[in-house]
1. With respect to THR332, determine if the residue is surrounded by fewer than 19 Cβ atoms within 10 Å (Cβ to Cβ), β-branched (Val, Ile, Thr) and outside the structural domain of SER199 (by TED's automatic domain parsing).
2. Residues to consider are ILE353, ILE384; find the one that is in contact (Cβ under 8 Å) with a residue 60 or more places away in the chain and not in a loop (DSSP other than H, G, I, E, B).
3. Condition first: surrounded by 18 or more Cβ atoms within 10 Å (Cβ to Cβ) and either in a loop (DSSP other than H, G, I, E, B) or free of Cβ contacts under 8 Å to residues at least 24 places away in the same chain (or both). Now tell me which residues in region 262-290 satisfy that.
4. Considering every residue within region 33-54, establish whether at least one is free of Cβ contacts under 8 Å to residues at least 60 places away in the same chain, part of a loop (DSSP other than H, G, I, E, B) and out of contact with any helix residue (DSSP H, G or I) (no Cβ under 7 Å at 6 or more places or on another chain).
5. Evaluate the following for ARG300: is it surrounded by 20 or more Cβ atoms within 10 Å (Cβ to Cβ), among the charged types (D, E, K, R) and over 26 Å from ILE78 (Cβ atoms)?
6. Looking at this structure, is ILE205 in a loop (DSSP other than H, G, I, E, B), hydrophobic (A, V, I, L, M, F, W, C) and either without any contact (Cβ under 8 Å) to a residue 12 or more places away in the chain or over 23 Å from VAL91 (Cβ atoms) (or both)?
7. Among the listed residues ILE353, ILE366, ILE330, which satisfies the condition of being aliphatic (A, V, I, L, M), under 23 Å from ASP104 (Cα atoms) and in contact with a strand residue (DSSP E or B) (Cβ under 6 Å, 6 or more places away or on another chain)?
8. Among the residues in region 280-294, are any out of contact with any strand residue (DSSP E or B) (no Cβ under 7 Å at 6 or more places or on another chain), at pLDDT 95 or above and closer than 16 Å to ALA385 by Cβ?
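The values are calculated or read from the model by the stated rules, or taken from the named source; none is laboratory data. Quantities reported herein were computed from a predicted structural model and do not represent experimental measurements. Heads up, the Cβs are rebuilt from the backbone with ideal geometry, glycines too, and the neighbour counts pull from every protein chain shown.
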Amino acid sequence: MDKFIPLSVPNFKGNELNYITDAIEAEWVSTGGAYIDRFESEFAAYVQTERAVACQNGTAGLHLALILAGVEADHEVIVPTLTFIAAVNPVKYLNAHPVFMDCDDSLCMDMSKLKKFCLEECNFIDSKLINKSTGRQIKAIVVVHIFGNMADMPAVMDIAEEYNLKVIEDATEALGTYCLEGRYKGKYAGTIADIGVYSFNGNKIITTGGGGMMVSRDPGIMKRAKYLSTQAKDDAEIFLHNEVGYNYRMTNLQAALGVAQLEQLENFISIKKENYQIYKSKINDGLNGLKILDFREDIRPNYWFYSLYIVNLEKYSRKRIMESLAKANIQTRPIWGLIHEQKPYLHNQAFMIEKALAYYTRVANIPCSSNLSANDVYRVIDKIAIHVVKQGD
């Protein structure tokens, strides 16, 4: 049988073992230790923010971000429908209500529809955006940078300023992505909005096994994020807690792994860019009816995931392509089920969902690990090509 080619797995070829061994030998393995401080500091330096706060995972970071944005029970939060459900569930944790927005061709939130929704479906009264159909206040927007692409941040920040909304960047898939031009030139994904959140899950571009990170341009928000994520300790010696806090801390072992991974991030991005370009040139130019989706031209993406797009649904089935690759021992993944169609969210408002429906039926993700060799990439392409020939291209 051919070698298994996974979709996206970690790459541990740096100082991971050295740093983890050091943490174990120092006997700092839990939620305290030098590597946590080091990871936060080096991460902040990489994305060019003053401070970063490590947390348990990206979902915990998003939960805290919503709290810090002032979201409370019965508020509404505008979210994308085309995303992983972890970007939306924290809204429910607070007994608030998501309002689902469509995507554009970047797969990120459609800002023209967001603007239309605010203008036509809401009233702006006393500096509050009120949803006409529900009477609830819309408090925030969660923008997700899908697959390492980047949403139109100038547009969403203009809308947020006009309607007094907080913006949370879910950059869990976009560590290393940054703007190449415009007023945010040089700004990294996650550092433009009020609060940014990252994930280090096992399939992300760098991993700590789990884990996440929060950033903000507001030092007060970062101070409060640290406070809430560490059980809201007002006096650690006599255990005084004036608020309900959360055990959302990262462990020192995870942080040790993160420091080693961060050292390799730019190399990972270079490898992923090279493999992306091979996929794109061979599939877009050689396989009629299929293509690899582009990233925005005004950004340096991190090339996290590669999206195989079926142009011609009459000729090709996403399911059949994925089944064909599975038989060849190649792992793929369909794009997520749209969140507004999931059972917990059927009764929530969804506004003009159109493109997301089309992309849902046409996109599959193909192997993209940073330790993927060029030979592996060509093997994936060859297996896709064989399937195309069998389908009568």
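1. no
2. On the way: ILE353 fails: not in a loop (DSSP other than H, G, I, E, B).
After ruling out the rest, the residue left standing is ILE384.
3. Listed by number, the residues that qualify are GLN264, LEU287.
4. no
5. Working: surrounded by 20 or more Cβ atoms within 10 Å (Cβ to Cβ): no; among the charged types (D, E, K, R): yes; over 26 Å from ILE78 (Cβ atoms): yes.
So ARG300 does not fit the description; no.
6. yes
7. Going through ILE353, ILE366, ILE330 in turn, just one is aliphatic (A, V, I, L, M), under 23 Å from ASP104 (Cα atoms) and in contact with a strand residue (DSSP E or B) (Cβ under 6 Å, 6 or more places away or on another chain): ILE366.
8. Within region 280-294 (the criterion being out of contact with any strand residue (DSSP E or B) (no Cβ under 7 Å at 6 or more places or on another chain), at pLDDT 95 or above and closer than 16 Å to ALA385 by Cβ), the answer is yes, since at least one residue qualifies.
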